[in-house]
Structure formats: structure tokens, C-alpha cells
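Participant: Got a structure for you, questions after.
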Amino acid sequence: MGLGHGGVGNGHGDSLQEKGLMGIILSKQILPCGGAKLNGESRAERSGIGRATAGAAPQPCRPAPRTACAMSLPFLVFLVAWLVGMVCTFIPAVPATLIIFLGSVAAALLDGFQAGRDLPFLLVFGVVTLFIMSIDNVASAWGARKYGGGKEAMWGALIGGLLGIFIPLGLIVGPLAGALVAELVFAHKAPYEALRSAWGTLVGLLAGIAAKVVLHLIIGIYELWRMWDPAQSIFG
């Protein structure tokens with residue numbers, strides 16, 4: 001009987017050890033939000049070791065931290081205006097520089113206009129805007145005069161550029177065709193002279209567009225850098 005009782009006792013002890021080991025394994029597992037419930041009890045409550053802490057309040061679920069996009073509302077307003085202006089740079093007769101300038105003014109007002117910080121930049125930008133807006137006329141006039149063109153070629157290139165928006169390669173084909181037709185029809189020039197004048201007008205127009213693109217890039221990048229403020233991000 002003693003041996004049998006001892007054998008039973010050993011078996012009972014082994015069973016307790018197995019349960020304890022199982023409790024340790026379960027308590028080591030990662031439990032979401034304080035422990036997943038199994039039939040009304042958490043895994044920690046079902047294990048022998050976890051019963052001591054079963055009454056503790058479960059940890060609240062916390063969302064994973066997000067990386068804030070450092071774009072404030074003034075920054076976003078100017079960015080949209082700048083991108084629109086960059087696209088309009090390639091469209092004749094559209095005041096692309098004025099669009100970018102107005103975007104900068106709106107952004108300064110939204111950011112709480114400060115004379116010491118914003119006024120010098122806006123004054124310089126306003127002067128640069130007037131200068132850039134005159135580049136088209138100056139460059140076209142230079143090209144036309146260099147190659148023997150006149151006002152007819154300039155106006156023809158302008159109208160042709162507007163119509164060329166709706167056709168492939170219209171930025172080149174439109175002004176060239178418009179200046180050529182204007183020289184032939186209104187200036188009554190010979191075909192060779194008209195073509196030469198139209199080519200000069202086109203060269204001047206493209207030179208003006210290239211200059212505006214460079215200046216718009218410099219202004220836009222500087223203004224975006226000046227307004228970059230992660231602390232005021234609207235996506236934070």
C-alpha cells in the first residue's frame with residue numbers, strides 16, 4: 001500500500017509540475033491589450049502562476065505612433081499655388097508668376113502676417129514678379145528683331161501658343177505656326193523671310209519660358225524652405 005500510495009503521490013506531483021510548467025509557458029506568451037480572454041478568463045488567470053496578478057486592470061490598447069507629415073496649412077496653400085504656377089509657366093498669356101505670388105501672400109496671411117518676417121520677402125518677390133512677367137515680351141521682341149520679325153510675329157506666336165495647348169507639341173508648333181501665318185498674312189512677307197521671323201520669335205519665346213522656369217523653381221524652393229514648420233503640421 002505504501003508503494004502504491006507513493007506512486008500515486010509521484011503521479012500527482014508530476015501533474016502539478018506539468019500544470020506549473022504550462023502556466024509558465026502561457027504567461028510568457030504575448031497577450032494583446034492585457035491578455036486575450038479564453039472562456040471568460042485570460043490565459044494568465046487560467047495558469048497557476050498568473051492567478052496572483054489576474055485581478056490587475058488590463059492595459060488599454062494604444063494605437064501605433066504615426067509619422068507626422070510636416071505640412072502646415074500655409075505650407076500646403078503655397079505648395080498648391082506653386083505647382084499650378086509651374087504648370088501654367090508653359091502656357092502663354094497665363095500669369096504663372098502672379099499665381100505663385102498670390103499663393104505666397106495667402107500663405108503669409110494664414111501663418112499670421114509678421115511685417116519683420118514676411119514683408120521684406122513679399123516686397124522683393126513682388127518686384128521679381130513684375131520682372132518675370134515682362135520676360136516673355138522682352139524675349140519675344142529680342143528674338144523677333146534679331147531675325148527680322150515684327151509685332152505681327154509676336155502676336156501670332158502668342159495666339160498660336162494658346163491654341164497649341166490642345167495639340168501635341170503645341171508649345172513649339174503653336175507659336176511657330178502662329179508667327180508664320182501672321183508674317184505671311186498681315187506683314188505680307190515672302191515665305192523665307194516669314195519663316196525666319198517666326199523662328200526668331202519662337203526662339204525668344206522659349207528662352208523666356210526657360211528663364212521663368214528657373215526663377216519659379218528658385219522662388220518656390222526658397223519659400224517652401226522658409227515655411228517648413230513640422231510643429232504646425234495639419235497631419236500630425
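Every number here is computed from the coordinates shown, using simple stated rules; none is lab data. If you're wondering where the values come from, they're calculated on a predicted model, not measured in any experiment. Backbone-built Cβ (ideal geometry, glycine too); neighbour counts: all protein chains shown.
Participant: Between rounded, prolate and oblate, where does the stretch 69-155 land on the alpha carbon gyration tensor, with a ≥ b ≥ c its root eigenvalues, rounded for a/c under 1.5, else prolate if a/b exceeds b/c? Intermediate results must be reported in sequence, preceding the final value.
Facilitator: Working: a/c = 4.43, a/b = 2.27, b/c = 1.95.
Prolate.
Participant: Subtract the Cα-Cα distance of L102 and R145 from 0.36 nm times their separation in residues, and report this length gain in nm to one decimal. Working shown, then result.
Facilitator: Values: separation 43, 0.36 × 43 = 15.48 nm, distance 3.35 nm.
Stretched out fully, the L102 to R145 stretch lengthens by 12.1 nm.
Participant: Which distance in nm do the two modelled labels at A115 and F90 give, with both placed 7 Å along the Cα-to-Cβ direction?
Facilitator: 4.3 nm
Participant: Can you pull the Rg over Rh of the stretch 71-236, Cα-only, Kirkwood? List each step's numbers first, then the result.
Facilitator: On the way: Rg = 19.2 Å, Rh = 17.1 Å.
Across the stretch 71-236, the Cα-based Rg/Rh ratio is 1.12.
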